[in-house]
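The values are calculated or read from the model by the stated rules, or taken from the named source; none is laboratory data. In this text, all values refer to a predicted model and were calculated from it rather than measured experimentally. Note that each Cβ is placed from the backbone with ideal geometry, even for glycine, and that neighbours are counted across all protein chains shown.
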Amino acid sequence: MAKAESIAKIKTLATAILQFEKGESLVTRSPWGSIDFKAAEADIKQAYSLAADLGTLPLEFLSDTASEQIARHMENIPPILKQIDDFKLEGDAASTRNNLVINFHSHIDALMNVAGPPLPYLLYKRGDIATNISNLENSIQKTQGLYAGAEKWVADKKLDIDTVLNAARDLASKSGAAVFGSAFKAQADALEMSATTWLKATGALAAITLTTALFIFFGTGLESAWPEAVQKMSTKLIILGALGGAAIWCGRIYRALKHQAALNRHRELSIQTLEAFRQAAVDDHVKDAVVLEATRSVFGAGATGYIEGSDANPVGLNVVDMTKNMGKSAK
């Protein structure tokens with residue numbers, strides 16, 4: 001083990017070296033100008049660091065030879081630092097500065113050669129390595145805790161985002177159903193009003209046609225000669241046919257409008273029931289099937305009874321196929 005005298009000498013020299021760190025900078029000073037000691041800055045910092053360690057480490061674990069060598073090399077450091085501290089721009093200042101830098105570097109290297117190897121052992125005996133390992137383990141545990149917390153936070157936020165997205169989709173679906181349902185309802189109401197107007201026109205023309213027919217039947221005398229009677233009857237029959245054709249044409253328009261109104265009523269109800277069935281379905285495939293059937297129901301023409309053959313509508317089937325293809329492309 002190191003002798004007490006060597007240990008005391010090393011600690012005294014370490015204190016003396018550290019005194020220069022507390023004073024004015026030994027690297028640059030305003031009176032020096034460009035002739036400074038920046039070339040020795042790294043060696044000066046190394047001297048301060050080594051002195052701080054040797055002043056606090058348990059030097060009693062050093063051997064006698066190691067402690068004596070460290071003390072002998074440390075004796076050269078404070079005098080050179082003193083010379084740098086007292087340096088002035090006199091004579092050949094640049095050469096003096098260069099000699100001090102070179103001399104100081106050689107002594108620092110010699111000191112590190114003898115003090116460097118036992119430093120890790122002394123740090124271990126002081127407990128620095130164990131403390132650092134414990135701090136590292138604590139940091140790892142803290143990091144793992146932060147990671148677990150962050151992972152949970154991300155999972156919670158993802159759940160919140162999914163909830164918000166589902167709510168937004170439901171709101172968009174309800175809003176879309178309400179908008180399109182209202183559009184179909186408004187269209188059906190308008191068609192109903194137009195159908196009522198054409199129904200009145202059909203009734204009026206039918207009444208005029210019937211009145212004209214009665215007038216022709218009871219108002220045509222047979223006392224005239226047959227050529228004249230045929231001419232009068234032909235004119236009246238043409239007028240009667242025109243009135244009858246107009247009545248039939250108005251009736252067809254009425255039936256077409258009632259057919260379209262019934263389809264729009266059906267589409268309005270289909271969209272409303274679509275939203276109810278879609279919300280009740282829990283599986284995506286079931287929801288897709290509901291959407292496709294609702295599309296078929298909305299865009300396919302049903303048999304209303306107003307128009308013959310209205311249950312055949314290839315256009316509606318094409319719309320369903322187009323919806324299926326769009327769904328496959330989106331996936």
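Can you find, within the range 59-81, the residue that is nearest to Ser106 (Cα to Cα) among those that are of a type in the set (D, E, K, R) and in contact (Cβ under 8 Å) with a residue 60 or more places away in the chain? Full working, then the answer.
First pass over the range 59-81, keeping only residues of a type in the set (D, E, K, R): 60, 64, 68, 72, 75.
Narrowing further to those that are in contact (Cβ under 8 Å) with a residue 60 or more places away in the chain: 64, 68, 75.
Values: Asp64: 24, Glu68: 19, Glu75: 13 Å.
So the residue we want is Glu75.
Would it be correct to say that Ile140 is closer than 30 Å to Thr28 by Cβ and β-branched (Val, Ile, Thr)?
Working: closer than 30 Å to Thr28 by Cβ: no; β-branched (Val, Ile, Thr): yes.
No.
Can you find a residue in the range 141-148 that is surrounded by 10 or more Cβ atoms within 10 Å (Cβ to Cβ), part of a helix (DSSP H, G or I), modelled with pLDDT of 85 or more and in contact with an Asp or Glu (Cβ under 9 Å, 6 or more places away or on another chain)?
no
Anything in the range 177-188 that is exposed (fewer than 13 other Cβ atoms within 10 Å of the Cβ) and modelled with pLDDT of 80 or more? List them, or say none.
Residue satisfying the conditions is Ala186 alone.
One line per residue, one yes/no per condition, for (1) assigned to a helix (DSSP H, G or I); (2) among the hydroxyl-bearing types (Ser, Thr, Tyr); (3) touching a Leu at 6+ places or on another chain (Cβ under 9 Å):
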position	(1), (2), (3)
Arg72	yes, no, no
Ile80	yes, no, yes
Thr96	yes, yes, no
Asn99	yes, no, no
His107	yes, no, no
Leu111	yes, no, yes
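Looking only at residues in the range 1-54 that are closer than 20 Å to Asn98 by Cα and among the aliphatic types (A, V, I, L, M), which one is farthest from the chain's Cα centre (by Cα)?
Ile35
Listed residues Ala39, Ala14, Ala52; which is crowded, with 17+ Cβ neighbours inside 10 Å and touching a helix residue (DSSP H, G or I) at 6+ places or on another chain (Cβ under 8 Å)?
The unique qualifying residue is Ala14.
Answer yes if at least one residue in the range 3-18 is charged (D, E, K, R), under 20 Å from Tyr121 (Cβ atoms) and not in a helix (DSSP H, G or I), and no otherwise.
Within the range 3-18, one or more residues are charged (D, E, K, R), under 20 Å from Tyr121 (Cβ atoms) and not in a helix (DSSP H, G or I).
Just give me the residues in the range 275-285 being at pLDDT below 70 and assigned to a helix (DSSP H, G or I), in sequence order. Write out each step before concluding.
Residues of the range 275-285 at pLDDT below 70: 275-284.
Listed by number, the residues that qualify are Glu275, Ala276, Phe277, Arg278, Gln279, Ala280, Asp284.
I'm checking my understanding of the structure. Among residues of the range 204-222 that are at pLDDT below 80 and of a type in the set (S, T, N, Q), which one is farthest from the chain's Cα centre (by Cα)?
Taking the range 204-222 as the starting set, the residues that turn out to be at pLDDT below 80 are 212-222.
In the following step, the residues that additionally are of a type in the set (S, T, N, Q) were identified as 212, 220.
Numbers: Thr212: 77, Thr220: 88 Å.
Ranking the candidates gives Thr220 first.
Which ones in the range 1-31 are without any contact (Cβ under 8 Å) to a residue 60 or more places away in the chain, farther than 19 Å from Ser49 by Cβ and not β-branched (Val, Ile, Thr)?
We begin by selecting, within the range 1-31, every residue without any contact (Cβ under 8 Å) to a residue 60 or more places away in the chain; these are 4-5, 8, 11-12, 15, 18-19, 21-22, 25-31.
Filter once more, so that each one left must be farther than 19 Å from Ser49 by Cβ: 4-5, 8, 28-31.
Across the range 1-31, the qualifying residues are Ala4, Glu5, Ala8, Arg29, Ser30, Pro31.
Restricting the range 19-36 to residues that are in a loop (DSSP other than H, G, I, E, B) and acidic (Asp, Glu), which is surrounded by the fewest Cβ atoms within 10 Å (Cβ to Cβ)? Give the steps one after another, and end with the answer.
Keep residues of the range 19-36 that are in a loop (DSSP other than H, G, I, E, B), which gives 23-36.
Those left that are additionally acidic (Asp, Glu): 24, 36.
Details: Glu24: 9, Asp36: 16.
Taking the candidates together, the pick is Glu24.
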